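Enquirer: Structure in structure tokens, see below.
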Amino acid sequence: MTNKWRFSVATLCAASLAACSGGASDTRDSVRAVGSSTVYPFAKLVAENFARSNTDFKSPIIESTGTGGGISLFCAGVGANTPDIANASRRMKASEFATCKANGVNEITEIQVGLDGLAFASAKGGIDMNLTPEIVYRALAAKPFGKEQTARTWHDVDPSLPDKPILVYGPPSTSGTRDALKELILIPGCDNNAEMKALKDSDKDKHEQLCTEVRSDGAYVDQGEQDNLIVQKIEGNPDAIGVFGFSYLEENLDKVHGLRMNGVEPTYANIASFEYPGARPLFIYVKNAHLDAIRGLREFVAEWAKSWGRDGPLTAIGLVSNPDDVAARSQAASTAFTALNPSELK
């Protein structure tokens, strides 16, 4: 295929998604975003505010599919039958970008919309502990440090902890929150062991398995992509712990309370300063080929940019604002739509 032909196809796609997706019946007149359950409540509020202030446009469709599932849908191709935006509670992986490119999704804008914390919580008046990444790893790993998992209670993990059964409700493997649990908590906890840290260099796959595989004997319960269900589960059991995004903790402080990690409370200030170990960035990925083909897409991204400031509507429901330098980059990306450089991804 010549460069001229490539340009012609790209121009057709930008002008009308029907040219790329099989016919006029495949057109769409509302923005569609899929992905992270953690980003979902923020995206939902942006969509609601957008619909109120832009009555000429249809309300955006926001779906909670998990970060991995959302990026998979986003990367399936260009056309009205594919999403315009992927919401993500972690950065896109190099392998995911390669899938996008293989399917013709060549230009993607990455926008960091804010920060979130990976909060550990229990019911108000329920179990209370000062956790560490190593304690969480030893409690939840299928084979902690390569050995058989024998801990049944928190006291088995650490004598200073309550003699209560280990019961943790958390996100599924498709969720960006689960990825954050692995990267921010489980792997650092695992690497406190010198042998495990050395294993990372000698056998990366084995290290990944031993450090991130979660036990499947009922101590860790995969609760799906609906974080509100985790809140309900721990609210009904004072001995249970939940793992979810900070926004859900802040929304439900009348029902649950956050557990300390390394002695640090999961609060807005501690997440913004990265003092709390579970702090993580949140992203939206925009399909540039859809910018001029999907009515309202540019305007919807602009609504995000109006909403993520320190005194904006998103911080009122738990989003932690970006540091100033990141905020400036995100603001620029929301108008210039500069394509992501894949060399920056891991």
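The values are calculated or read from the model by the stated rules, or taken from the named source; none is laboratory data. The structure presented is a predicted model; accordingly, all values stated were derived computationally and were not measured. Cβ placement follows ideal geometry from the backbone for every residue including glycine, while neighbour counts extend to all protein chains displayed. Surface accessibility is based on the protein's heavy atoms, side chains included, excluding ligands, DNA and RNA. Shrake-Rupley method; radii C 1.70, N 1.55, O 1.52, S 1.80 Å.
Enquirer: How about region 287-346: which GluC sites (Glu not before Pro) there are in a DSSP loop, with at most 16 other Cβ atoms within 10 Å of their Cβ? Intermediate results must be reported in sequence, preceding the final value.
Expert: Working: sites: E299, E303, E344; in loops: none.
Nothing satisfies the criteria.
Enquirer: Give me the extension gain from F274 to I317: residue separation times 0.36 nm, minus the current Cα-Cα distance, reported in nm with one decimal.
Expert: Values: separation 43, 0.36 × 43 = 15.48 nm, distance 1.92 nm.
Additional length available on full extension: 13.6 nm.
Enquirer: Something else now. Would you mind working out the magnitude of the charge dipole of the chain relative to its Cα centre, with +1 at each Lys and Arg C-beta and -1 at each Asp and Glu C-beta, to the nearest 20 Debye? Provide the component values of the computation, followed by the final result.
Expert: Numbers: 35 positive and 43 negative charges, 165 e Å.
About 800 debye.
Enquirer: Between the alpha-carbon centers of region 200-249 and region 99-116, tell me the distance in whole angstrom.
Expert: 26
Enquirer: Using each residue's phi in region 213-223, evaluate 6.51 cos²θ - 1.76 cosθ + 1.60 at θ = phi - 60° and report the 3J(HN,Hα) Karplus result to the nearest Hz, with x for Gly and Pro.
Expert: 6, 8, 4, 10, 9, x, 6, 10, 10, 6, 9
Enquirer: If the cut-off is a Cα-Cα distance under 23 Å, which lysines reach K44, setting aside same-chain residues fewer than 8 apart in sequence?
Expert: K58, K255, K287, K306
Enquirer: Can you tell which of Q149, G224, A194 lies farthest toward the positive end of the dipole of the chain, using +1 and -1 charges on the Cβ of basic and acidic side chains (Lys, Arg; Asp, Glu)?
Expert: Value computed over the given set: G224.
Enquirer: Would you mind telling me which residue in G79, G146, G278 has the biggest mean-square fluctuation in a Gaussian network model of the chain, where springs connect alpha carbons within a distance under 10 angstrom?
Expert: G146
Enquirer: Something else now. Accessible area per residue of the chain at 1.4 Å probe, in Å²? List each step's numbers first, then the result.
Expert: Details: 15090 Å² over 346 residues.
In whole numbers, the chain has 44 Å² accessible per residue.
Enquirer: Right, here's the next one. What residue among G309, N288, L340 has its Cα farthest toward the positive end of the dipole of region 268-343, where the charges are +1 on Lys, Arg and -1 on Asp, Glu, each on the Cβ?
Expert: Most positive-ward Cα: N288.
Enquirer: Could you please state how large a percent of the accessible area of the chain is carbon and sulfur, counting protein chains only and using a 1.4 Å probe?
Expert: Details: 7510 of 15090 Å².
For the chain, the apolar C and S fraction of the accessible surface comes to 50 percent.
Enquirer: Under the 0.36 nm per residue contour assumption, what length would be gained going from the current alpha-carbon distance of A102 and K200 to full extension? Walk me through the numbers on the way to the answer.
Expert: Details: separation 98, 0.36 × 98 = 35.28 nm, distance 3.00 nm.
Once the chain is fully extended between A102 and K200, it gains 32.3 nm.
Enquirer: Also: Per residue of the chain, what 222 nm ellipticity follows from adding -39500 (n - 2.57) for every DSSP H run with n ≥ 4, rounded to the nearest 500?
Expert: Details: 16 runs with 131 residues, N = 346.
That calculation yields -10500 deg cm²/dmol at 222 nm.
Enquirer: Which of (1) 44; (2) 32; (3) 20 is the computed percent of Cα pairs over 33 Å apart for the structure on display?
Expert: (2)
Enquirer: Next up: How much net charge surrounds I166 when only other residues with a Cβ under 13 Å from its Cβ are counted (Lys, Arg +1; Asp, Glu -1)? Walk me through the numbers before you get to the answer.
Expert: Values: positive: R138, R152, K164, R215; negative: D156, D158, D163, D217, D239.
Its environment carries a net charge of -1.
Enquirer: On full extension of the chain, what length is gained from D292 through K143, given 0.36 nm per residue of separation minus the C-alpha to C-alpha distance?
Expert: On the way: separation 149, 0.36 × 149 = 53.64 nm, distance 5.04 nm.
Additional length available on full extension: 48.6 nm.
Enquirer: Related question: Where a ≥ b ≥ c are the square roots of the eigenvalues of the C-alpha gyration tensor, would you call region 169-270 rounded, which needs a/c under 1.5, or, failing that, prolate if a/b is larger than b/c, or oblate? Can you show the working numbers first?
Expert: Numbers: a/c = 2.37, a/b = 1.70, b/c = 1.39.
In terms of gyration-tensor shape, prolate.
Enquirer: Can you compute 3J(HN,Hα) from phi for each residue in region 89-100, using the Karplus curve 6.51 cos²θ - 1.76 cosθ + 1.60 with θ = phi - 60°, rounded to whole Hz and x for Gly and Pro?
Expert: Running phi through 6.51 cos²θ - 1.76 cosθ + 1.60 with θ = phi - 60° gives 9, 7, 6, 4, 8, 4, 5, 5, 4, 4, 5, 3 Hz.
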